[in-house]
Amino acid sequence: MPRVIKRKLYTINLPPGIPLEKIYEKVSSAFKAGYAEISIQGNKLFLEVVGTEYEIKDTWYRVRQAVSELWELYRLSKGMEASIEALVREVGRTFPPESLVYALRLRGYKAELSDDKSRITTNAPLDVVVEVARTIAEVIDELRFRVKGTAAKRMIAALAAGLQEPAEKVIEYGLRSRVLEETEEGIELREEWRRGLRKIAVLLKGAEAPLDQLGE
């Protein structure tokens, strides 16, 4: 059966203030059709797609998802909430949302997760949120074979990213305070990770540690 090639033009609203190169990068990565072309006028994106009906629908769906992620990041940049999924796509790595919240609090910002942990609200600038999330992902990867347990990794990564200290230094202070212990199977957490995080933060930063931001 011959392939039926069609052409379709779509329009979608863009969030204000997003650099053009960021929009083109995000949207172009969603192209799956044989041919697609985008143009931007003001806050509108025009998408022309050529391909089979399936290719056109699939590309339009993916472009809408990409623009939706841009809107999520825009809302976060305005001090509102954004989905963790949008941040994961922006960072290019997965990370524990709880670590991001506590790392941002350690830097003096407000940060909260939704009850289902799928969304974050913070007053931190978007570039700081992305940088902290990326650091957490890198630290988690670094700890993969040395530290046992997700809670221990979550705590160390939050401290390293939040206090901008090497993971090795966090581990050193964790062992010194007996929040962590070295076993034959690796480094393990000896107490509830949030309580341990507060203890190590005090040791690392003393009076500078913003404990009032951490909550209970």
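All but one of (1) farther than 28 Å from GLU90 by Cβ; (2) modelled with pLDDT of 95 or more hold for GLU184; which doesn't?
The one condition GLU184 does not meet is (2).
Test of understanding: among GLU69, GLU138, GLU142, which residue is under 25 Å from LEU203 (Cβ atoms) and either modelled with pLDDT under 95 or polar (S, T, N, Q) (or both)?
Just a single option satisfies the conditions, and that option is GLU142.
Residue under question is SER114, and the condition is that it be in the same structural domain as LEU20 (by the TED database) and polar (S, T, N, Q); does it hold?
So SER114 does not fit the description; no.
Would you confirm whether any residue within the range 45-62 is under 26 Å from LYS78 (Cα atoms), in contact with a strand residue (DSSP E or B) (Cβ under 7 Å, 6 or more places away or on another chain) and of a type in the set (Ser, Thr, Tyr)?
no
What pairs come out if I take residues in the range 50-76 that are closer than 17 Å to SER28 by Cβ and pair them with residues that are part of a helix (DSSP H, G or I) and open to solvent by 50 Å² or more (accessible area, probe 1.4 Å) whose C-beta lies under 6 Å away, six or more apart or interchain?
Between residues of the range 50-76 that are closer than 17 Å to SER28 by Cβ and residues that are part of a helix (DSSP H, G or I) and open to solvent by 50 Å² or more (accessible area, probe 1.4 Å), the close pairs are GLU69/ARG89.
The rows are residues; the columns are (1) assigned to a helix (DSSP H, G or I); (2) under 30 Å from ALA201 (Cβ atoms).
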position: ILE12; (1), (2): no, no
position: GLU37; (1), (2): no, no
position: ILE40; (1), (2): no, no
position: GLU55; (1), (2): yes, no
position: TYR61; (1), (2): yes, no
position: PHE95; (1), (2): no, yes
position: GLU112; (1), (2): no, yes
position: ASP115; (1), (2): no, yes
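Would it be correct to say that ARG144 is open to solvent by 10 Å² or more (accessible area, probe 1.4 Å) and out of contact with any strand residue (DSSP E or B) (no Cβ under 7 Å at 6 or more places or on another chain)?
yes
Before we move on, is LEU100 open to solvent by less than 50 Å² (accessible area, probe 1.4 Å), under 19 Å from VAL130 (Cα atoms) and in the same structural domain as VAL132 (by the TED database)? Write out each step before concluding.
Numbers: open to solvent by less than 50 Å² (accessible area, probe 1.4 Å): yes; under 19 Å from VAL130 (Cα atoms): yes; in the same structural domain as VAL132 (by the TED database): yes.
It is true that LEU100 is open to solvent by less than 50 Å² (accessible area, probe 1.4 Å), under 19 Å from VAL130 (Cα atoms) and in the same structural domain as VAL132 (by the TED database).
Which members of the range 156-180 meet the condition of being within 13 Å of ARG146 (Cβ to Cβ) and touching a strand residue (DSSP E or B) at 6+ places or on another chain (Cβ under 8 Å)?
Of everything in the range 156-180, those that are within 13 Å of ARG146 (Cβ to Cβ) and touching a strand residue (DSSP E or B) at 6+ places or on another chain (Cβ under 8 Å) turn out to be ILE156, ILE171, GLY174, LEU175, LEU180.
What's the total number of residues in the range 25-49 that are touching a residue at least 40 places away in the same chain (Cβ under 8 Å), open to solvent by 30 Å² or more (accessible area, probe 1.4 Å) and within 28 Å of the chain's Cα centre (by Cα)?
0
Would you pick out the residues in the range 162-203 that are closer than 17 Å to VAL132 by Cβ, free of Cβ contacts under 8 Å to residues at least 40 places away in the same chain and open to solvent by less than 40 Å² (accessible area, probe 1.4 Å)?
GLU165, ALA167, VAL170 - these are the residues of the range 162-203 that are closer than 17 Å to VAL132 by Cβ, free of Cβ contacts under 8 Å to residues at least 40 places away in the same chain and open to solvent by less than 40 Å² (accessible area, probe 1.4 Å).
Count, please, the residues in the range 59-74 that happen to be open to solvent by 30 Å² or more (accessible area, probe 1.4 Å) and either assigned by the TED database to the domain that holds SER118 or over 21 Å from ALA133 (Cβ atoms) (or both).
Number of matching residues: 4.
The values are calculated or read from the model by the stated rules, or taken from the named source; none is laboratory data. What you are looking at is a predicted structure, and each value in this text was computed from that prediction instead of being measured. All Cβ positions, even for glycine, are placed from backbone atoms using ideal geometry, and neighbour counts span all protein chains on display. Accessible surface areas use protein heavy atoms only, side chains included; no ligands, DNA or RNA. Shrake-Rupley method; radii C 1.70, N 1.55, O 1.52, S 1.80 Å.
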